[in-house]
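Please read the structure below before turning to the comments.
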């Protein structure tokens, strides 16, 4: 059963919430992050990516960068940009994109649930990527970016959420990308108790997005336990900041692939080899998006193709049956020589939010071939996690992205 608890939230003053809210730290490269902060010094990227406060010669992972993040976090609280709620509360966070809304419960999840598997994972993490957030969390003494969790929709939780959304929101604004954001606070003791008890009836929750942030938060929590051998398990460092969404509200977009070259093949040879596992039909100049599982679009030499996996290469295996696995196992690997997509510099992954025009642009500017994917479903994600398995890298792209800076969780007791 999942332990999902309320917390004392540090959050922006209502008047500046729209300026503070920022896309996740890893959406930007260093140059882009610095441009964002220069344009809006109140962007939470100033704290999440504190290297923006230094010249480009400064190592982004130098100790003084993390110390600057803590300094800014404390400074913003002292100046009233950020304020701390005195009571432990839950919050609701609604994001609306293109008329479709999803509402999550902002809370803290247990590091013990992560370790035991009650919080299920579907991706591997990389140690080098974890280390940055481990240092950031440890030095700032705070979780500044929530983990995106999902659970199977629950009727009783839906009722509570719907009732609370009938009240006045704490925040209501539209970000520059057109996403609407609304936040409500749940401070009533009876409602808090109801939510906590409902989650105790839910056997498993799932990491949808933020595997590296989750792993980093858990490792800092375990480190704090070693530093405090008399811990009780109730200290804030035993929990990490999350937003939990019901599965039936979530949208996963495709995560497309672009490959630099044809691995020494000419066009005809490549198409012939690909045809051993896929039915191929040329579709011409119009961008082609797959309409159902086991279909793939391919942009090659100025033309789009439809690829359909032959039946003998489709399997019920929760991992090998994923479209990203079928493409990798039967085309990207054996034909194009992409043996490890996590490390091979010849492959590039493009989130579906950027559209098929981005695939065409990358090929026209020098890549050899691009593939448009049918999106992985939330059911497939759950099936992989329930089986204790892992998806291939870059299998899911969730939109809209949760903003950082709207909810901050301190690890130390006040």
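All of the numbers you see were taken from the coordinates with simple rules; none came from a lab. Nothing here was measured: the structure is a model prediction, and the numbers come from that model. All Cβ positions, glycine included, derive from the backbone under ideal geometry; neighbour counts span all protein chains shown.
Structure summary
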read-out	value
Prolate/oblate/rounded call for segment 95-148, Cα gyration tensor, a/c under 1.5 rounded	prolate
Distance histogram for the chain (every C-alpha pair counted, 10 angstrom bins, percent rounded to whole numbers)	4, 21, 29, 25, 15, 5, 1
Among 173, 245, 44: highest mean-square fluctuation, GNM of the chain, C-alpha pairs under 10 Å	173
Shape of segment 24-97, Cα gyration tensor, a/c cut at 1.5	oblate
Residue of 100, 133, 19 that the Gaussian network model of the chain assigns the largest fluctuation, springs spanning Cα pairs under 10 Å	100
Neighbour-count order for 294, 409, fewest beta carbons within 10 angstrom listed first	294, 409
Computed P(r) (all Cα pairs; segment 253-395; 10 Å bins; percent)	12, 46, 35, 7, 0
Structure-based [θ]222 nm, the chain - -39500 (n - 2.57) summed over DSSP H runs of at least 4, per residue, nearest 500	-8500 deg cm²/dmol
Segment 200-332 shape via C-alpha gyration tensor axes, a/c threshold 1.5	prolate
Segment 15-174, relative contact order in percent, only Cα pairs under 8 angstrom and at least six apart counted	19
Of every Cα-Cα pair in segment 144-246, the percent that sits beyond 17 Å	67
Residues 42, 298, sorted so that the one with the fewest Cβ neighbours within 10 Å comes first	42, 298
Percent RCO, i.e. relative contact order, over the chain, from Cα pairs under 8 Å lying at least 6 residues apart	24
Spin-label pair residue 67/residue 232, simplified geometry with 7 Å Cα→Cβ offset, distance in nm	3.4
Rounded tilt (10° steps) of 127-140 against the dominant C-alpha axis of the chain	20
Segment 175-207-segment 385-414 distance, computed between alpha-carbon centres (Å)	15
151, 374 arranged by Cβ crowding within 10 Å, fewest neighbours leading	374, 151
Per-pair calculated FRET efficiency, R0 = 30 Å: residue 280 and residue 58 via Cβ, rounded to 0.05	0.05
DSSP-defined antiparallel bridges as percent of all bridges, the chain, nearest 5	90
Among 78, 153, 69, residue whose mean-square fluctuation peaks in a GNM of the chain (springs only between Cα atoms under 10 Å)	78
Using alpha-carbon coordinates, inclination of helix 155-164 to the longest axis of the chain, degrees	60
Cα long-axis angle, helix 189-200 against the chain (0 to 90 degrees, to the nearest 10)	40
